[in-house]
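The values are calculated or read from the model by the stated rules, or taken from the named source; none is laboratory data. Keep in mind that what you see is a predicted model, and the values were worked out from it rather than measured. Counting neighbours? That spans all protein chains shown, and the Cβs are built from the backbone with ideal geometry, glycine included.
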Amino acid sequence: MAAEETPIVRLEDYRPTDYSIETVELDFRLAPEATEVRSRLRLAPRPGTPAGTPLALDGDGLVLKSLAMDGAALPAEAFAATPDRLTIHAPPARPFDLEVVTRLDPSANTTLMGLYISNGIYATQCEAEGFRRITYFLDRPDVLAVYTTRIEARADEAPVLLSNGNLVEAGAIPGTDRHFAVWHDPFPKPSYLFALVGGNLAAVHDRFRTMSGRDVRLAIYCEPGKEERCRYAMDALKRSMRWDEERFGREYDLDVFNIVAVSDFNMGAMENKGLNVFNDKYVLVDPETGTDQDYAGVETVIAHEYFHNWTGNRITCRDWFQLCLKEGLTVFRDQEFTSDMRSRPVKRIADVVALRQHQFPEDAGPLAHPPRPTTYREINNFYTATVYEKGAEICRMLQTVLGRHGFRAGMDLYFERHDGDAATIEDFIACFADATGTDLSQFSLWYHQAGTPTLHAEHAYDPDRQRLTLRLQQDLPETPDRRPKHAMHVPVAFGLVGPDGQDLSFRRAEGARVDDGIIHLTTGSAEITFDGVTARPVPSLLRGFSAPVRLRSDVSRDDRLFLIGHDPDPFSRWEAAQSIGLEFLRAGTAAVRAGRRPEFDGRFAEELGRLAANDELDPAFRALALMLPSEGDVAQAIGSDVDPDAIHEARLALQSAIGETIAEIVSEAAARNAPAPAYSPDAGQAGRRALAHAAWSLGIAGGLIGSEDMLSRYRDAGNLTDRLAALRLAAHHRLGCADEALSAFYEQYRGNALVLDKWLMVQATIPAHDTVDRVRNLMRHPAFSMKTPNRVYALLRSFATANPVGFNRADGAGFRLIADVIAEIDPHNPSVAARLATAFRSFAMLEPARRAAAQAALSDLSARPNLSRDVGDILLRTLEG
Ligand code: B3K
Ligand code: ZN
C-alpha cells in the first residue's frame, strides 16, 4: 500500500474497547523456528456494549493454529481470521474465555518487534504494537490485564526463562530435556509492557531494601563472560531506586527487578514491567571498553527505564497520542536524577545541546509535530525528540512555573489519583492545576502547538529614572499542520547583572507577572519596566534555558562578552559564549561564500581563555564553554540556502583563530587539572578529561599539536576515553597519523563489537567529501552488519546525521548512499530504516543544487515498490513539507 493510502489514526476517533480483558494466561513452547503460543483470555463486554457486538483482535503476520471459546472449539462460521485480525462475529453478552493458539518463527523475525532471537537469546519487544506479532489481542495501551506467563524450552538451549512479575514456579519436565517457569505479574498492564526472555544467560545479583523495608532481588542478565561489565549498571540501578524514593516518594513494587542485555535491539531499552530489556550498549561498561560518555549513558538509561515503573507502567497512556505523558515526564525525571548525581549546570548544558541538535531541527522541518500529536500513520515514527526532549522541557517549565514544591504536590496527586489508570495529558495537567489552584489552560498549549517559538528581546536603560525597559515578543512559526497559533506561557528566568557581576535588585516590575526571578510572558508581547535599578544592567535572559525557545536579543556583543565572564548563572555564561560563536560562524560562512577570509573579534578568544584558566570553575563546564556551536546549529540559524561546506570552513577558521590565541592557556589549565592516573568514570574525572580534549582540539587548530604529538597522545592514553578522543582528532583533522591510529585501534579492539562501533563512527563522521566512499567500503568490513541496529547506527546514522559535509555532498552521493541503505534495510527492519530516513528532514533548507539532489534521492526511494508503512510515512511527510 502506498503511504498516501495508509489509514490515518486520529485522536478524535478514540473510544474505549467494547470488551475488556481481565486476565491473560500465556503458555510459550519455545523453539527457534516453531514456537507455539497458547493464550487464554478472560474477556467481558464492557457495560453498555450491545449484545452480539463483534470482537476484533489485532494481529500482525500471525498464523492461527486453533481457537476455542469456553473450552470448546469455535466453529468456522463463528469467526474470521487473517494474519492481521481475528474477528469473533457474535461473542456472548457475558464474561467468557477465549483460547487462541498461534505459531511463530522467532528465528526468521528480523524486525526485532514481537518475539525474536538475538545471538541465541529469545527476547521480545512489544511497544508500541509488537504484542500483536505474538498473539491476537486488543493490542492498545488502555486494555489493562493481569498476566500469568508459563514458558517452556529445552533446558540446554534456554536455561534461563524470564517474564514479567514474580516467579511462581519452575522445574524440569520429567522424562524430557525440557524445563519450564511460571511468572505472575499482579499489576494490571497493557500488552506493550509484556516481555519474555529465554536463553543461556549469566547474571550479577544484588538486593535493594525499599523505603518501607521490603527486600527486592535485583539481577542483570547478559551473555556469559560479560558479568563484570554489568556492575556499573547495577550500581546505577540501586541509586535510581533510592533517588525515586527520596525525590518523588516512589517505591518499587515487585519482589524482583530483572534487566537483560541483548545485542540486537532497535532502540536504547524497554521498560517492561519487572523485566527491562536493554540494548547491551546501555548496560555493558568497564574501564577497558567504556568511555566516560558510555558510563553516563548507562546511568541515564538504567534510571530512565526504572523510573518508567511509575511514570509509564503504574500509570500508563490511554492511547499512543499520549506518548509524551510517559516519555517526556520520564526523561525529565532521568535528567533530574543525573543532575543530582553529577553536576546540575553541566547536565543542563548537555541537555540543551542535545535539544538543539535533535529537537529544534525536527520542529523546524517537515516532520514537526506537537508533543501531543492528533494524527499518525505509523506510531513507531513518533518516538521523537519532540515527544521525549520537548516533552521533558514542558515538565521542567511546569516545575519552573509552579515551583519545586507545587510541582511535587502535583506529582503526588497524579500518582494518587491515577495509579492503575491509562491516563491522558489532560489528566496530568489537571493534577497540577488542582494541587496548586493554578489555571494551566494556557500553559497546556505547549503540548498542542508544534514549532519552536522565537523570543525577541529588546531593552533600554534610563539612568535618570533608574528604569530598565524590557520588550519581549514571542513569535510562533508556521508548522506542517498549518494551525493558527496562540500565545503561550513562556517562563523567562532572568537576572539584571550589574557592573560588578552581581544581580541588581529592583523595586518594582510592571507589564507582566514577575516573581522569583521569572518573567511570565503570557501575551504575544509585553513591555516590562523595572524601577529602582541603580546602575546600567546587562539583562541575562532565559537563565537555565527556562523555556525551549530561540532567543533573539539586542544585548550587545560587549555585554555578552561581559556575561561570559560574569553572569552568576553558569548556563547563561555558556550561552553568552555560544551566541557570540554563532554570530561569528554565520558571518564567517557568508564571508567564505563570498570568497573572503572570515575575520573574528579577538576579544572572544581572550574571554574564553580567561574562563578556561579559571580554576574555580568546574573543568567539565570549561570544556563545554570552549565547544563552538555545531555545524548543525549554524545551519539551523542560517535557515535557508545552506552550504554545509562553507559552514565547515568557517568553523575551522574560527577554531584556528581561537586556538592560535588560547591553545597554550587551555593546555596549561588542562595540565593543572589532570585527573588522577587510575581511571574512574565519575563526573569529576570525566570533566578533567573533557578539558584536556578541548585543549588537544585547540592545539591542533592553533598549530601547536601536530601528527606526531597526536600519535603519542593516542599511544599514551591510559583509558578508552582518551584513546578515542585522540583517534577522533587525528582522523577528523586528517593528520598523517590517522591511518596508523585507526589500524591500531582496530587491532586492539578486534572482536569487541561495541567498541568497534566507535571506530566505525569516527570514520563515518570524518568531515570530507570522500567519506561517502569510505563508508561504502566499511559496509563490507567484517566489523559491520546491516542486520544489527547498533552497527547501522554507528556507521550509517552517524554519517547521515553527524557528518554535514559528507552526507550533503553537492553531487548527491551521500544522499544516494543513505537512500540505498534505507531500501536495503526496510524489508527486514522497517523501524531502523525509518529512523535513518529522518536524516533527510532538513533537506529543504539546503542551497538549490543540494536540495534538488536530496529531493531526487527521496523521490527515487519513494517510488520503490513495497516500502514499509514506517518508511513510507516518513518519506511522504518529508516530501510534502
Ligand atoms: N519506551 C521505549 C521505547 C519504545 C520504542 C518503540 N518503537 C523506551 C523508552 O523510552 O524508555
Ligand atoms: Zn522512555
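The figures follow:
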| item | result |
| --- | --- |
| Enumeration of residues in the stretch 366-381 that are surrounded by fewer than 21 Cβ atoms within 10 Å (Cβ to Cβ) and within 16 Å of ligand 2 (Cβ to nearest atom) | Ile379 |
| Single condition Asn313 does not satisfy, out of (1) within 16 Å of the chain's Cα centre (by Cα); (2) within 16 Å of ligand 2 (Cβ to nearest atom); (3) surrounded by fewer than 24 Cβ atoms within 10 Å (Cβ to Cβ) | (1) |
| Test: Val283 is closer than 22 Å to Ser339 by Cα, within 15 Å of ligand 1 (Cβ to nearest atom), of a type outside the set (Asp, Glu) and surrounded by fewer than 24 Cβ atoms within 10 Å (Cβ to Cβ) | no |
| Spans of strands (runs of 3 or more DSSP E) in the stretch 418-500 with at least 1 residues in contact with a helix residue (DSSP H, G or I) (Cβ under 6 Å, 6 or more places away or on another chain) | 490-497 |
| Criterion (over 19 Å from Ala802 (Cβ atoms) and buried (at least 23 other Cβ atoms within 10 Å of the Cβ)) met by exactly one of Ala657, Ala676, Ala612 | Ala612 |
| Residue in the stretch 475-490 that is touching a Pro at 6+ places or on another chain (Cβ under 8 Å) and more than 25 Å from Asp363 (Cα to Cα) present | no |
| Subset of the stretch 691-711 [within 9 Å of Ala726 (Cβ to Cβ) and out of contact with any His (no Cβ under 9 Å at 6 or more places or on another chain)] | His693, Trp696, Leu711 |
| Residue list for the stretch 456-485, filter: in contact with a Leu (Cβ under 6 Å, 6 or more places away or on another chain) and under 15 Å from Trp446 (Cα atoms) | Gln474, Lys485 |
| Condition check for Pro47: part of a loop (DSSP other than H, G, I, E, B), out of contact with any Ser or Thr (no Cβ under 7 Å at 6 or more places or on another chain), modelled with pLDDT of 95 or more and buried (at least 20 other Cβ atoms within 10 Å of the Cβ) | no |
| Qualifying residues in the stretch 9-19 (those that are assigned to a strand (DSSP E or B) and under 33 Å from the mean Cα position of the chain (by Cα)) - the one surrounded by the fewest Cβ atoms within 10 Å (Cβ to Cβ) | Arg10 |
| Total residues in the stretch 392-422, condition within 16 Å of ligand 1 (Cβ to nearest atom), in contact with a Phe, Trp or Tyr (Cβ under 8 Å, 6 or more places away or on another chain) and small (Gly, Ala, Ser) | 1 |
| Residue among Asp319, Asp294 that is closer than 30 Å to Ala717 by Cα and away from ligand 2 (no atom under 14 Å from the Cβ) | Asp294 |
| Pick from the stretch 696-724, criterion within 20 Å of His648 (Cα to Cα) and aliphatic (A, V, I, L, M), ranking: surrounded by the most Cβ atoms within 10 Å (Cβ to Cβ) | Leu698 |
| Any hit, the stretch 549-559, residues being touching a strand residue (DSSP E or B) at 6+ places or on another chain (Cβ under 8 Å), at pLDDT 95 or above, surrounded by 17 or more Cβ atoms within 10 Å (Cβ to Cβ) and over 29 Å from Leu652 (Cα atoms) | no |
| Residue in the stretch 717-729 that is in a helix (DSSP H, G or I), free of Cβ contacts under 8 Å to residues at least 12 places away in the same chain and within 30 Å of Gly225 (Cβ to Cβ) present | no |
| Enumeration of residues in the stretch 286-322 that are within 23 Å of His693 (Cα to Cα), away from ligand 1 (no atom under 15 Å from the Cβ) and not polar (S, T, N, Q) | Asp286, Pro287, Glu288, Gly290, Asp292, Asp294, Tyr295, Ala296 |
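The rows are residues; the columns are (1) in contact (Cβ under 8 Å) with a residue 24 or more places away in the chain; (2) surrounded by fewer than 19 Cβ atoms within 10 Å (Cβ to Cβ); (3) more than 22 Å from Ile647 (Cα to Cα).
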{"residue": "Tyr746", "(1), (2), (3)": "yes, yes, yes"}
{"residue": "Gly751", "(1), (2), (3)": "no, yes, yes"}
{"residue": "Val755", "(1), (2), (3)": "yes, no, yes"}
{"residue": "Arg791", "(1), (2), (3)": "yes, no, yes"}
{"residue": "Ala800", "(1), (2), (3)": "yes, no, no"}
{"residue": "Arg809", "(1), (2), (3)": "yes, no, no"}
{"residue": "Phe815", "(1), (2), (3)": "yes, no, no"}
{"residue": "Ile825", "(1), (2), (3)": "yes, no, yes"}
